[in-house]
Ligand SMILES: *Cc1c(COP(=O)(O)O)cnc(C)c1O
């Protein structure tokens with residue numbers, strides 16, 4: 001883009017005037033941000049339009065990535081970087097007396113997701129645009145994002161996240177591209193004149209789906225892809241008009257909140273409606289687009305790939321069947337062949353309780369046509385496979401069983417590809433969790449290890465590190481992250497190591513200032529910054545981390561002069577509002593923080609900083625300052641993890657179990673540059689098989705663990721009367737579901753090893769360098785290219801090695 005600083009400054013001032021009718025001096029940070037965003041969107045509009053036109057003219061195959069969550073984070077700086085105008089705009093603003101960083105902070109962070117799943121979808125959007133894959137996102141424009149987390153007396157409270165309060169500057173409402181969605185009523189199949197069965201709908205509720213499009217700008221390649229988020233509205237006139245305010249409110253509720261509380265029927269129904277709503281809207285708009293190409297439908301798989309990110313969008317399969325048969329008059333056989341070729345699916349979990357299933361009754365009542373089609377898919381599956389695989393296997397793998405519809409089974413049966421998200425995870429799918437379906441469709445299963453957008457997690461979040469990389473290995477890594485391996489040549493170069501050390505210290509001081517300002521806690525930037533940031537979940541074992549902190553605290557109380565390297569433990573984590581146990585652990589963490597942060601006798605050797613409201617923007621502040629990355633889930637439970645990759649990329653040393661992508665991180669960085677501990681996958685399965693794990697025995701025989709657990713219930717930690725007892729019981733009475741006690745000693749050893757390693761700073765910095773150098777491999781640019789090649793069969797238009 002041709003832009004001079006002079007023109008930018010004029011454009012910016014003019015935009016402020018146009019949008020808010022004010023001059024710079026009177027404008028708030030938000031008004032300045034919003035005007036800048038407006039301007040950047042205008043700068044993008046040509047690329048956006050041209051990309052669209054080019055895709056259409058060349059009739060290239062396009063990918064549609066369906067995800068019920070997207071966590072894009074702030075877009076301002078990312079867009080500036082990708083448009084190659086970051087430096088110019090920063091300088092221009094500075095000449096006008098404005099700091100770009102202030103404007104960045106004024107941007108609302110769209111929390112349209114819970115964690116890893118939504119963040120992965122956002123990294124993929126970034127990477128598809130940057131590698132020139134014709135890729136579209138399809139999701140929901142939630143009016144309220146994931147709740148805003150506050151701590152009140154150490155307890156999590158949830159406040160509404162009204163991120164759209166002042167509008168979203170990046171979106172464009174496309175009312176003319178709206179489609180209608182039907183819920184409920186009855187569907188009867190009636191024979192038409194030529195003897196074909198046609199559905200007749202009666203008494204359905206009709207909802208209008210209106211798309212809002214957001215440009216996804218590629219890295220310096222003149223490409224802007226589209227992220228389409230759907231909003232539910234009442235139809236304006238004609239069919240399905242609502243007469244009462246209450247009905248109109250009900251309609252809006254469909255896209256009101258991310259993940260409604262599903263502990264009751266109403267909440268479950270709302271979630272089901274959300275799933276069908278964005279699926280039906282997306283598939284309808286895809287078919288509409290396809291028809292513009294004037295090609296026969298059997299060529300659809302050559303032009304369209306639909307990706308199902310986790311099972312929430314699985315209704316894509318019956319919905320495409322519905323449109324092809326009911327509206328486009330194709331036979332079942334032809335429609336099915338097209339559907340299977342178009343669809344592909346990513347599995348994100350092996351935990352049984354997280355495998356989505358819907359009650360047959362609910363789908364029958366609210367999505368009657370979907371129900372008919374799913375029944376027929378199931379019937380044909382059983383009929384075809386029974387002679388091949390026998391009754392038992394078919395019973396175990398069919399879609400509908402015992403009154404439930406199993407979404408993962410539907411996704412696998414109705415698509416041509418099922419992938420896991422790390423090698424270990426994909427192997428476990430084949431060997432254990434989905435073994436039966438693997439037997440039926442061995443060719444459909446494959447692995448695609450997750451990745452992260454290296455632009456956001458280094459180039460934007462850690463500009464100083466990026467500069468050191470530029471100076472040391474040139475600029476090529478910015479487009480081809482695998483070139484970061486060139487850094488390995490400098491592992492013994494003292495000047496480079498010193499530079500890395502300096503950058504880390506600067507980031508830590510920056511973060512230290514943030515913590516003091518936001519939380520009033522003073523921390524020592526020279527201490528080890530030990531970071532665990534992720535959703536609060538029992539399997540992720542934040543509890544094990546806290547128990548180790550309590551252990552270290554008790555050790556320091558015994559001997560204040562103990563040889564312990566000063567540590568600051570940094571946590572960020574939200575618990576699902578209805579997840580009581582996770583919330584109890586939050587309370588425990590906050591109580592431990594209060595206890596140790598205020599205890600003068602331990603001489604600031606140990607601090608615990610639990611930052612409220614963890615999200616993408618906070619991650620960008622914490623990760624560059626991290627020395628240690630905690631990836632301590634029980635082996636087999638974390639499908640991949642991606643914060644492990646982000647932290648490694650920023651030079652943190654990983655303390656890890658051999659779970660998810662940690663295994664590949666070990667392979668990439670080498671065993672000497674990661675600190676491993678804990679049960680392996682085989683050992684965990686052995687315990688499950690033998691049923692001989694006994695947590696109480698560990699408590700009774702290990703004096704250190706005994707003392708730490710007693711601290712939960714004997715008043716050592718004030719303020720956790722009930723929580724302490726419940727957590728204690730979960731470990732001792734309920735036999736410690738995630739083997740916290742089993743892995744504890746090994747983990748504590750690993751932490752001691754970290755202390756020791758950190759004391760030798762030259763060696764530490766070398767490890768840190770090798771971690772950075774080995775992280776390019778985990779760029780999501782490569783991940784999406786592998787999807788493009790192996791699953792979607794689409795071309796890409798930007799050169800990248
Ligand atoms: C990367 C990321 C996650 C995923 O973290 P895991 O440790 O892989 O679970 C979750 N939330 C946010 C905001 C992230 O940026």
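What follows draws every value from the coordinates through simple rules; no lab data is involved. Since the model is a prediction, treat every value here as computed from it, not as a measurement. All Cβ positions, glycine included, derive from the backbone under ideal geometry; neighbour counts span all protein chains shown.
At-a-glance table
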{"read-out": "Diffusion constant of segment 404-487 at 37 °C, which comes from Stokes-Einstein with the Kirkwood Cα-pair radius and 0.692 mPa s, µm²/s", "value": "210"}
{"read-out": "Evaluated at q = 0.14, 0.25, 0.28 Å⁻¹: base-10 log I(q)/I(0), Debye formula over Cα of segment 299-364", "value": "-0.51, -1.09, -1.19"}
{"read-out": "Anisotropy class of segment 304-413 from Cα gyration tensor, a/c 1.5 cut", "value": "rounded"}
{"read-out": "Inverse mean reciprocal Cα-Cα distance (Kirkwood Rh) of the chain, Å", "value": "27.9"}
{"read-out": "Ellipsoid semi-axes in whole angstrom, largest first, where each is sqrt(5λ) of the Cα gyration tensor of segment 230-387", "value": "27, 22, 15"}
{"read-out": "Taking 738, 65, 142 and counting other C-beta atoms within 10 Å, the order from fewest to most", "value": "738, 142, 65"}
{"read-out": "Cα-derived Rg over Rh, computed across segment 627-764 with Rh taken as Kirkwood radius", "value": "1.01"}
{"read-out": "Surface/4 estimate of mean projected area, convex hull on alpha-carbon atoms of segment 614-687, nm²", "value": "5.0"}
{"read-out": "For segment 533-584, the fraction of alpha-carbon pairs in successive 10 Å shells from zero, as %", "value": "22, 43, 24, 11, 1"}
{"read-out": "4 °C / 1.567 mPa s Stokes-Einstein diffusion coefficient of segment 135-227, Kirkwood radius on C-alpha pairs, µm²/s", "value": "72"}
{"read-out": "Stokes-Einstein D for segment 597-655, Kirkwood Rh over Cα pairs, 4 °C, 1.567 mPa s (µm²/s)", "value": "96"}
{"read-out": "Residue-averaged [θ]222 nm for the chain, counting only DSSP H segments that reach four residues, each worth -39500 (n - 2.57)", "value": "-14500 deg cm²/dmol"}
{"read-out": "Residue 559 paired with residue 329, simple spin-label distance in nm, labels 7 Å along Cα-to-beta-carbon", "value": "8.7"}
{"read-out": "Extent along principal axes [Cα atoms of segment 232-319; Å; largest to smallest]", "value": "44, 35, 17"}
{"read-out": "Scaled radius of gyration (Cα, divided by 2.2 N^0.38 Å) that segment 395-544 gives", "value": "1.56"}
{"read-out": "Span from the segment 559-603 Cα centroid across to the segment 7-64 one, whole angstrom", "value": "44"}
{"read-out": "Descending semi-axes in whole angstrom, ellipsoid equivalent of segment 194-257, from the Cα gyration tensor", "value": "33, 21, 9"}
{"read-out": "Residue 166 paired with residue 96, simple spin-label distance in nm, labels 7 Å along Cα-to-beta-carbon", "value": "1.5"}
{"read-out": "Isotropically averaged projected area of segment 502-555, using the convex hull of Cα atoms (one quarter of hull area), nm²", "value": "4.9"}
{"read-out": "R0 of 22 Å, Cβ-Cβ distance residue 45-residue 13: FRET efficiency to nearest 0.05", "value": "0.65"}
{"read-out": "Cα centroid of segment 290-315 to Cα centroid of segment 88-144, whole Å", "value": "27"}
{"read-out": "Whole-angstrom gap from segment 737-801 to segment 404-457, using each part's C-alpha centre", "value": "21"}
{"read-out": "Of all DSSP beta bridges in segment 142-264, antiparallel share, percent nearest 5", "value": "95"}
{"read-out": "Tensor-based shape of segment 79-130 (alpha-carbon gyration tensor, a/c under 1.5 rounded, otherwise prolate or oblate)", "value": "oblate"}
{"read-out": "Rounded FRET efficiency, nearest 0.05, which uses the C-beta distance separating residue 431 from residue 749 and R0 of 30 Å", "value": "0.50"}
{"read-out": "Burial ordering of 400, 602, 223, 374, fewest other beta-carbon atoms within 10 Å first", "value": "602, 400, 374, 223"}
{"read-out": "Residue 683 versus residue 337: modelled label distance in nm, points set 7 Å from Cα along the beta carbon direction", "value": "5.3"}
